[in-house]
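J.: Supplied in structure tokens, the structure appears directly below.
Just so it is clear, none of the values below were taken in a lab; they were calculated from the coordinates. The shown structure was predicted, so the numbers you read here are calculated from the model rather than taken from an experiment. In this analysis, Cβ positions are derived from the backbone assuming ideal geometry, glycine residues included, and neighbour counts consider all displayed protein chains.
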Amino acid sequence: MLTLASKLKRDDGVRRPRASNPASDSARRVSVRDKLLVKEVAELEANLPCTCKVNFPDPNKLHYFQLTVIPDEGYYQGGKFQFETEVPDAYNMV
């Protein structure tokens with residue numbers, strides 16, 4: 001026999017997973033900055049000289065990366081220069 005109490009328990013069990021979904025839904029949303037960065041990063045990696053290396057500590061965060069430059073000629077030959085770059089949320093809008 002279906003009672004109101006059993007229906008409420010069943011509905012409450014159905015609703016609980018949904019309560020945890022908004023966090024995962026927001027994690028799935030991609031900002032305009034990140035959409036643009038996917039293309040820009042691919043272009044960067046394709047055109048980067050062999051004396052430069054780009055590293056993404058977290059592959060899911062394209063807005064933060066590290067660039068290492070090791071010149072093979074000139075006054076700074078043999079040096080190692082590291083740069084950290086964080087692209088702001090307002091990228092390409094301001």
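J.: Across segment 48-94, what is the number of residues that are surrounded by 11 or more Cβ atoms within 10 Å (Cβ to Cβ) and under 30 Å from Arg29 (Cα atoms)?
T.: 16
J.: From the list Asp72, Asp58, exactly one residue is assigned to a loop (DSSP other than H, G, I, E, B), under 11 Å from the mean Cα position of the chain (by Cα) and without any contact (Cβ under 8 Å) to a residue 24 or more places away in the chain. Which is it?
T.: From the options Asp72, Asp58, the qualifying one is Asp58.
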